[in-house]
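The values are calculated or read from the model by the stated rules, or taken from the named source; none is laboratory data. These numbers come from a predicted model, not from an experiment. Here the Cβ positions follow ideal geometry from the backbone for every residue, glycine too, while neighbour counts run over all protein chains shown. All accessible areas refer to the heavy atoms of the entire protein, side chains included, with ligands and DNA or RNA removed. Shrake-Rupley method; radii C 1.70, N 1.55, O 1.52, S 1.80 Å.
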Amino acid sequence: DGTLEIVKKAITVTADNKEVVYGDQEQELTYTVEEGALVGEDTKADLGVTLKREEGSNVGTYKITAKEIVSTNYDVTVTPGVYTITKKAVTVTADNKTSVYGDTFENLTISIPEGTLVGDDTKEALGVTLQKEAGSNVGTYAITAKEIVSTNYDVTVTPGVYTINRKQVTVTAQNKEKVYGQVDPELKATVEGLIGEDTIEYTLARESGENVGTYTITATGDVEQGNYAVSYNTGKLT
């Protein structure tokens, strides 16, 4: 008598490449068997191949390899595949801001739709730095992205608007006094609220009359002057 030995059939399978978006559910790992490689009614289950991928949940590429091969009839070689995690596309909005001329600029912030961030990620994971259009005078300025540096997110920033409003300035005519028959004193006013060396224009005039009594001193001018909203208070000449 002789002996017939049946040895394992050598077979090569290929781990399928997979791709997911950061934060999405993991893809099932699968592999491809060349047509005609399996014997008779055998199925993939007879190859006993279990796959694994390199650890990691951040955006990048990870190798897919064999975790375990337990087969009675096949000597299986697994050609590695690639598991790719791509950036999650998100859109955030630059918050509108308002300040008064001469005040310190407001901090620029963003609003993130609920459910945008993955797991325990915070705003910092988006890596967004904002900037406002240059300018400090009264007006509106676009708020846009200055820099976006994010490992896992592809971020689009919807611009916001930074509004600088006029600063309130008050012009108050100073009270004056003279003796009947004397020349009128110089009319002056106190201006409160101007920034630095800024100036505004106004005129002073008093109610006509030379007899003993009190006469209104009126300050007049435009109520909107450049970066200022101007209000006027009267004084009196006695």
For the list (1) in a strand (DSSP E or B); (2) within 21 Å of T98 (Cβ to Cβ); (3) not hydrophobic (A, V, I, L, M, F, W, C), I need the number of the one condition that T190 fails. (2)
Residue by residue through region 1-15, note down the ones that are of a type in the set (V, I, T) and in a strand (DSSP E or B). I11, T12, V13, T14
Complete set of residues in region 62-103 that are exposed (fewer than 15 other Cβ atoms within 10 Å of the Cβ), without any contact (Cβ under 8 Å) to a residue 40 or more places away in the chain, within 30 Å of D24 (Cβ to Cβ) and out of contact with any Leu (no Cβ under 8 Å at 6 or more places or on another chain): K63, E68
In the set E114, E55, E26, E106, the lone residue that is assigned to a loop (DSSP other than H, G, I, E, B), surrounded by 13 or more Cβ atoms within 10 Å (Cβ to Cβ) and within 43 Å of the chain's Cα centre (by Cα) is E106
Leading residue by the ranking (farthest from T84 (Cα to Cα)) among those in region 1-23 that are open to solvent by 70 Å² or more (accessible area, probe 1.4 Å) and among the polar types (S, T, N, Q): T3
In region 17-52, anything out of contact with any Asp or Glu (no Cβ under 9 Å at 6 or more places or on another chain), under 29 Å from L117 (Cα atoms) and of a type in the set (D, E, K, R) is listed as E19, D24, E26, E28
